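A.B. asks: Sharing a structure here in C-alpha cells format.
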Amino acid sequence: QVQLVESGGGLVQPGGSLRLSCAASGITFSRYAMGWYRQAPGKQRELVATVTSGGGTNYADPVKGRFSISRDNAKNMVYLQMNSLKPEDTAVYLCNARLDLGLNAFNYWGQGTQVTVSS
C-alpha cells in the first residue's frame, strides 16, 4: 500500500523556521514528482512547492525566497524548509506524490500536518 506521512509541523513565532518531512512508502519514490500543498481555514488547497524526479523545483509566489523543497531518494523522503514564516503561512500542509504516464496517472496524499504561525 502507498503511504505518505508528514511530520514537523507545530506552533512557531513570526520570523521563525520549521522543517517539514514526508516519508513515502509503497511507491518507486525516485520516479515520482513530489510536492507540498497547504490549506488554510476558509480557503482552497494551494500548491506550495514541487520537486520533479529530475530535481527541478518550482515555488508559489508567496513563498519564493523563503521556502525550499528537497528530496532524498535514498531515504524516500521529501522536505520543506520554511524560513521567515508569516501568519499567513498558517495552514495544514500536505505531502503529494505524482506520477503521470499519460494514459495512467497516480496521485497520492498524506494526512497533513498543522503549521501555525502566531505570536
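A.B. asks: May I ask you to list the residues in region 88-119 that are over 16 Å from M77 (Cα atoms), of a type in the set (S, T, N, Q) and part of a strand (DSSP E or B)?
C.D. replies: N107, Q114, T116
A.B. asks: Related question: Residues of region 61-85 being in a loop (DSSP other than H, G, I, E, B), over 16 Å from V115 (Cα atoms) and either among the charged types (D, E, K, R) or within 12 Å of the chain's Cα centre (by Cα) (or both), which ones?
C.D. replies: Result: K64, K75.
A.B. asks: Still on this structure, please answer the following. When you check D72 against the structure, is it of a type in the set (D, E, K, R), open to solvent by 80 Å² or more (accessible area, probe 1.4 Å) and free of Cβ contacts under 8 Å to residues at least 12 places away in the same chain, yes or no?
C.D. replies: No: the conditions fail for D72.
A.B. asks: Cβ-Cβ under 7 Å, sequence separation 6+ or interchain: first residue in region 33-44 and closer than 23 Å to T57 by Cβ and of a type in the set (V, I, T), partner surrounded by 10 or more Cβ atoms within 10 Å (Cβ to Cβ) and modelled with pLDDT of 95 or more. Which pairs?
C.D. replies: Note: no pairs meet the criteria.
A.B. asks: Still on this structure, please answer the following. Taking the residues in region 13-61 that are closer than 24 Å to S84 by Cβ and of a type in the set (F, W, Y) as candidates, determine which candidate is least open to solvent (accessible area, probe 1.4 Å).
C.D. replies: W36
The values are calculated or read from the model by the stated rules, or taken from the named source; none is laboratory data. Since the model is a prediction, treat every value here as computed from it, not as a measurement. No Cβ is skipped: glycine too gets one built from the backbone with ideal geometry, and neighbour counts run over all protein chains shown. Side chains included, ligands, DNA and RNA excluded: accessible areas come from the protein's heavy atoms. Shrake-Rupley method; radii C 1.70, N 1.55, O 1.52, S 1.80 Å.
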